[in-house]
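The values are calculated or read from the model by the stated rules, or taken from the named source; none is laboratory data. The structure presented is a predicted model; accordingly, all values stated were derived computationally and were not measured. Note that each Cβ is placed from the backbone with ideal geometry, even for glycine, and that neighbours are counted across all protein chains shown. Heavy atoms of the whole protein, side chains included, go into the accessibility calculation; ligands, DNA and RNA do not. Shrake-Rupley method; radii C 1.70, N 1.55, O 1.52, S 1.80 Å.
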Amino acid sequence: MRTASRSAVRSPSDLTARARIRDTAIECFAETGFDSPFRTIAARAGVSPGLITHHFASKDSLRAECDHEVLRRYHALKSEAIADPSGYLFARLATPGGAAIVVVYMLRAIHAGGQAGRTFLENLVDEARAVMAESVASGLVRPSRDEEARVRYLTYQAMGAMLLEFLAEPQATPDEFVASLGARQRDTILPILELYTEGLLATRDLLDDYVHHLEEADGSEAASPARPT
């Protein structure tokens, strides 16, 4: 969906007022939602509301740049996890709020819905697809028979589960929410790792039967004559 670079390295422009406004807006949107007014963002960033308008023209334009930056941070965090999975896991156990703004911003972006929400979700899938490709290439994750279906399922499952938790704590700050989420997730790390590593079903029968069913269905479609229009 998005053609901009996924580079995790900040450019010199990140030292500018524009970048400071963007980073402040990310924090405000994560904390209070996308109705945060320019004047609130401006006061927190130490600039005038007019300067925000000068750089971004509209709230939609500001949000689009914030979306891009949050997805860049997400990719950087996930790449760090691929490089050192155990180290990343134990670091998150020690300081669960390290990615709080990123997590809560993503949840708010998806929950807000509309075209912006749909676009954000598709871009999140794009990022997850790239991360999954890195994971497979590194040997961390097994290849899938259907990489696209798997990455969409995992993205929807992960974000949906966190969104349910988030909606149950609407007044929590990003740090409070991620800390409480981390505390609850400590009880699920073992079963999640067990499920992802060793699987759930005791035999391959169901998988093999379904793959066979798909192969037969594909063969039937290939053998069927074209229907008249």
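How many residues, within the stretch 38-58, are closer than 25 Å to L124 by Cβ and either surrounded by 19 or more Cβ atoms within 10 Å (Cβ to Cβ) or within 16 Å of the chain's Cα centre (by Cα) (or both)?
Adding up the residues that qualify gives 2.
Starting from the stretch 184-203, keep only residues that are more than 21 Å from S135 (Cα to Cα), then list their pairs with residues that are of a type in the set (D, E) whose Cβ atoms are within a distance under 8 Å, requiring at least 6 positions of separation or different chains.
From residues that are more than 21 Å from S135 (Cα to Cα), the pairs are R184/E165.
It is to be established whether one or more residues within the stretch 126-147 are within 26 Å of D67 (Cα to Cα) and hydroxyl-bearing (S, T, Y).
Yes; the residues of the stretch 126-147 include at least one that is within 26 Å of D67 (Cα to Cα) and hydroxyl-bearing (S, T, Y).
How many residues are part of a helix (DSSP H, G or I) and at pLDDT 90 or above when one looks only at the stretch 163-175? Quick ask: steps written out before the conclusion?
Start the filter on the stretch 163-175 by keeping residues that are part of a helix (DSSP H, G or I), which leaves 163-167, 174-175.
Still in the running and at pLDDT 90 or above: 163-167, 174.
Of the residues in that region, 6 qualify.
A179 fails exactly one of the following numbered conditions: (1) in a helix (DSSP H, G or I); (2) among the hydrophobic types (A, V, I, L, M, F, W, C); (3) open to solvent by 50 Å² or more (accessible area, probe 1.4 Å). What is the number of that condition?
(3)
When you look at T155, is it closer than 28 Å to L214 by Cα and either crowded, with 17+ Cβ neighbours inside 10 Å or modelled with pLDDT of 95 or more (or both), yes or no?
yes
Suppose we filter A109, A81 for residues that are part of a helix (DSSP H, G or I), touching a Phe, Trp or Tyr at 6+ places or on another chain (Cβ under 6 Å), open to solvent by less than 60 Å² (accessible area, probe 1.4 Å) and modelled with pLDDT under 90; which single one remains?
Sole residue among the options that is part of a helix (DSSP H, G or I), touching a Phe, Trp or Tyr at 6+ places or on another chain (Cβ under 6 Å), open to solvent by less than 60 Å² (accessible area, probe 1.4 Å) and modelled with pLDDT under 90: A81.
Does the stretch 136-153 include one or more residues that are aromatic (F, W, Y), under 22 Å from E198 (Cα atoms) and assigned to a helix (DSSP H, G or I)?
yes
Would you confirm whether or not the stretch 213-223 contains a residue that is farther than 30 Å from C28 by Cα, at pLDDT 90 or above, open to solvent by less than 70 Å² (accessible area, probe 1.4 Å) and assigned to a helix (DSSP H, G or I)?
There is no residue in the stretch 213-223 that is farther than 30 Å from C28 by Cα, at pLDDT 90 or above, open to solvent by less than 70 Å² (accessible area, probe 1.4 Å) and assigned to a helix (DSSP H, G or I).
Hey, can you tell me all the residues within the stretch 154-180 that are farther than 30 Å from E198 by Cβ and among the small types (G, A, S)?
Result: A168, A172.
Give me a count of the residues in the stretch 34-74 that are touching a residue at least 24 places away in the same chain (Cβ under 8 Å) and more than 17 Å from D23 (Cβ to Cβ).
1
Within the stretch 185-205, identify whether any single residue is open to solvent by 60 Å² or more (accessible area, probe 1.4 Å), in contact with a Pro (Cβ under 9 Å, 6 or more places away or on another chain) and assigned to a helix (DSSP H, G or I), and answer yes or no.
For the stretch 185-205, residues open to solvent by 60 Å² or more (accessible area, probe 1.4 Å), in contact with a Pro (Cβ under 9 Å, 6 or more places away or on another chain) and assigned to a helix (DSSP H, G or I): present.
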